[in-house]
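A short worksheet on the structure shown next.
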Amino acid sequence: MAPMGIRLSPLGMAVFCLLGLGVLYHLYSGFLAGRFAFFMLSEPAAGGPEAPHGSAPGGAVDLRELLAVSVLAAVRGGEEVKRVREGNVLNAKAKGKTREGAEEQLTTGDLLSNRRMFYLLKGAFPAVQINSEERVDTADQETVSWDHSIPEDIKQKIQPKEVPAESVTVWIDPLDATQEYTEDLRQYVTTMVCVAVNGKPVIGVIHKPFSSYTAWAMVDGGSNVKARSSYNEKTPRIIVSRSHAGKVEQVARQTFGNKTVIIPAGGAGYKVLALLDVPEKNQEEADVYIHVTYIKKWDICAGNAVLRALGGHMTTLTGEEISYTGSDGNEGGLIASINMNHKALIEKLPDLEKTSHK
Ligand SMILES: Nc1ncnc2c1ncn2[C@@H]1O[C@H](COP(=O)(O)O)[C@@H](OP(=O)(O)O)[C@H]1O
Ligand SMILES: [Mg+2]
């Protein structure tokens, strides 16, 4: 008998207790799961257990893991690019025109590489924003999983570093220099992945599928590529677009004189590699890269990150940093250099209103 004459039935007590436990479980399970996930994601790495891959929604991502997956994606996408070219099944068609009226080509190589790169990155980092040059057909998904391994050179050079998932934007170029790919100028072709954090390019991967060379770099982290030991600042060799040149030759000559050597080449990735110390026989060398027409962020983000990681610069022609969030276009042209006085280069450029794409 309970006090005050209230009789408690044992069955009622049991039901009441079970209900109470249910409410408590509901309240705490989400909270505990959240704490557990955060604890796992922020596990320190040096010497300790490896943090799990990927990201919890609104959680953290490890940039070292993102670098490892970016390298893998560029390589795996590159396999498709190479396979399609070697099988001669490009199926090239025009996907539109640039503002200047140049035809933009699309091939099976672009599409298959894009599918592979996108799903690999999306599978490993579902919470991260991924912007890719080609449209992803959701009816044609591919399951490409990451085995969680981090290559030895990345492990040795890069420390884990966590950032909030929502601060990250990944840019994929599944086939840079598509025009040259259709002309079978294989040396210009690259696949690229870039990771921007709060709009700043932080990780860059540029992969050459036909020679299996990969350059990667992380700002404030490390790289597997370096700058050359010297550059010609007085009469620099200028590397420019061969298929979207606009008035770039005029700009280069006006800036550096008529004797300046101008190297027309395909691919934004290739042109950034031309500024670096790259052990490739089919790679030309240049001192400055200039582009004056409109260009998309997936074309330039990886190169921008690599240059920034190595102490170089890629800016608009008026010297502004390019932000890799939001819209996918860059309006202000670009100038890229390393181990040079970048500001002095910009000051030398002629009035852009008269010579640029406008
Ligand atoms: N005016 C423009 N409009 C749109 N894309 C441009 C462009 N100029 C260059 N690009 C793109 O930038 C990349 C490098 O160009 P280029 O080889 O002329 O230097 C190419 O990317 P894709 O091959 O990935 O399409 C090219 O299509
Ligand atoms: Mg491109």
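The values are calculated or read from the model by the stated rules, or taken from the named source; none is laboratory data. It should be emphasised that the depicted structure is a prediction, and the values quoted were computed from it without experimental measurement. Virtual Cβ from ideal backbone geometry, glycine too; neighbours counted across all protein chains shown. Note: areas computed on protein heavy atoms with side chains; ligands, DNA, RNA excluded. Shrake-Rupley method; radii C 1.70, N 1.55, O 1.52, S 1.80 Å.
Here are the numbers for the structure shown:
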| read-out | value |
| --- | --- |
| Charge-dipole axis of the range 227-355 as Lys and Arg at +1 and Asp and Glu at -1 on Cβ define it, positive-most pick from TYR294, PHE256, ALA245 | PHE256 |
| Coordinate range along principal axes, alpha carbons of the range 227-355, Å, largest first | 36, 30, 27 |
| Rounded percent of accessible protein surface that carbon and sulfur make up, the range 227-355, 1.4 Å probe | 46 |
| Aspartates and glutamates with Cα under 20 Å of LYS200, excluding same-chain neighbours fewer than 8 positions away | ASP62, GLU65, GLU133, GLU162, GLU166, ASP173, ASP220, ASP299, GLU320, GLU321, ASP328, GLU331 |
| Accessible surface, per residue, of the range 60-224 when the full set of protein chains is kept, probe 1.4 Å, Å² | 40 |
| HIS148, HIS342, ranked by accessible area, largest first (probe 1.4 Å) | HIS148, HIS342 |
| Probe 1.4 Å, protein heavy atoms only - accessible area per residue of the range 227-355 in square angstrom | 41 |
| Nearest-10 value in Å² for the accessible area of TYR231, using the 1.4 Å probe | 40 |
| The range 60-224, accessible surface, carbon-and-sulfur percent (1.4 angstrom probe) | 44 |
| ILE172 accessible area, assembled protein chains, probe 1.4 Å, Å² | 0 |
